[in-house]
Amino acid sequence: MLVNWWKNGLQLKLQMRIYPDGLLLAALYALACLAARQISVDQFNLLAGIRVAALLLFPTRLWPYLILGEYAHLAQVRYPLVEKYGTAWAIISSALLMPTVALIVRLHRNLLPEAPGARLLLLAATTSMAAASINIGTAQLLWPVASSIPLPTRAAHQILGNFIGILTVAPLALLWLQRQRQRLNRIPPLPIATTGLLLLMLALGLSATQLPTVHEGLRPSLQLMMALPAIVLTCLYGWRGAVLGVPLLNLVVGLTMPTTGRAWSFDSETFTVQLILAVAGSALLALGSTISHYYHRYRTRDLHSRQVISLTKTSHLAGETDLRHRALEINRIGDGIDAYLSETADWLKRQGHGEIASSLIRTSSLYSLKFREQASMVYPTALEHVGLYLALQVGGISEAWSNTGSIAQPRLVGDPCRLTVPLQLATYRTLTEAVSLLLQNESSQIRVNARCGRAGGRSGIVVVVALLDPRHRLSEATRTLAIDRLSGRALAYGGTVQCRHNRIRMILMDSPVFQRSVPGCSTDHTAPPPFR
């Protein structure tokens, strides 16, 4: 029976179900408010922060229990004051306060995740002024005896106290909500630098309270210096740094303030410091929110660009796989043609036509060689066995370059066999495309330089295709074509394409995850030279 009552609650005739866990929440909230009241004064009101934080943390279906806890807390506090200030003030002020704050939080709650810094400041300012207006307005209208403190002074103290109290507690509630949205299993440990900055802030606050009477004038300066660690935290961690720094800053200043513990306690020096820190804390929260916003935008764009590069690389590899199959099929056809012509030449010899057979063998050998060269232009299968450099020197591309008479002997440095096959293929395509582009658009002689090596823990290759005449600059049309046609593969492999003066310079890098040498490739295991 007790278990069923705890789960299902008690249903009243008004079709309202009261849950025991809701009552427990109301009791805990009331106790938290009573505890916060012991360390709160007009210029540092933690009660305002607890109200807003509780409304942010719990869903709206539990808000009636929070309002019930608020009423229980105010009844405990204001009942002894009824004889002095009147029953009307105690009831009306208490009845208006929490529902008004709840309405303001409800209007801002859905907008907070979009821009937590600006929205939180707007929520804090609106709630502070609304709560101060209710407290001061009901007191002015319903108190039998007017307060001895001037109205503007009371308003300034309460608004600032409410604002600081909200900035002390509410940011932590928002940080917890963000943690729940991101579905983190645990709160990550604080880095050493963060812990050190927080401890420095505490040390400065404690030092301000322990100053001798002779150096009492240094207390505001030490309190203001506490803002420096908060600034550093905001610059390092954005919104989360501000959420850690600003509440601790307000809390330390508020708790170390000289006070009698009564609601009318006031310290003019601390009030000035708190006013400055309220402005600074607002700026830090807004700055931290802006930093985090642009950081997440950058991360999102970086992630998207990485996905595009990955898809581009996958597309290139799929195209190379298709070309490899075609080249192998062409070679098989060539082998069949060679075998058929060899059988034909043998038959002609047996029939006494030796000269015709010899001529057929010579012709078939010549055209078979050209056939193989063209097949290697489709896909350089030799690259998988002997590496990029030998594939450039013994494949069909070497013969094609020699026939142009416009390309000097390539200068190839380093061991390409330490690079992955996809990177060597991308380099091969980019290099041949660059040479073809210069042959079509420039009239000068061409030289090709390539250098393999390591930089930043990654293997890669630098390729330079340049005109031999240093006075001959690349035309604007050639530069545009080079950037458009060569950048795709270079960017897919973390590289760049640069056109300067008389040369095209390309850099392609291997991914750190895929650092493998070419299987079957004869490698020199000495370290490759570095490149720039």
Pop out the ³J(HN,Hα) list for the stretch 293-300 in order, Karplus 6.51 cos²θ - 1.76 cosθ + 1.60 with θ = phi - 60°, rounded to Hz; leave Gly and Pro as x.
4, 6, 5, 5, 4, 5, 4, 5
Under a plain spin-label model, where a point goes 7 Å from the Cα along Cα-to-Cβ, how far apart in nm are S268 and L142?
3.4 nm
Projected convex hull area of the stretch 390-470, Cα atoms, direction-averaged, in nm², equals 5.7 nm²
Can you order the peptides 37-50, 92-105, 436-449, 360-373 by their average number of other Cβ atoms within 10 Å per residue, highest first?
37-50, 92-105, 436-449, 360-373
Most packed first (mean Cβ within 10 Å per residue), the peptides 302-311, 22-31, 289-298 order as 22-31, 289-298, 302-311
Hey, what's the Cα Rg ratio for the stretch 37-193 versus the globular rule of thumb, 2.2 N^0.38 Å?
1.14
Over the stretch 322-376 - Rg/Rh using Cα atoms and the Kirkwood inverse-distance radius:
1.11
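Sorted by packing (mean other beta-carbon atoms within 10 Å per residue), highest first, where do 470-479, 57-66 land?
57-66, 470-479
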For the stretch 263-326, what does the convex hull of the Cα positions come to per residue, in cubic angstrom?
76 Å³
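Using only alpha-carbon positions, what ratio does the radius of gyration of the stretch 266-410 give when scaled by 2.2 N^0.38 Å?
Computed over Cα atoms of the stretch 266-410, the ratio equals 2.36.
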Nearest 10 degrees, 0 to 90: helix 46-57 Cα axis against the chain principal axis
50 degrees
Compute the helix-to-body angle for 20-37: its Cα long axis versus the longest principal axis of the chain, expressed 0 to 90° and rounded to tens.
70 degrees
Whole-percent pair-distance distribution, where bins are 20 Å wide, for the alpha carbons of the chain:
16, 30, 19, 20, 11, 3, 0
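Readers should treat all values here as calculations from the given coordinates under stated rules, not as data from a laboratory. Quick caveat, the model's predicted, so the values are computed rather than measured. Every residue, glycine among them, receives a Cβ derived from its backbone with ideal geometry; neighbour counts consider all protein chains shown.
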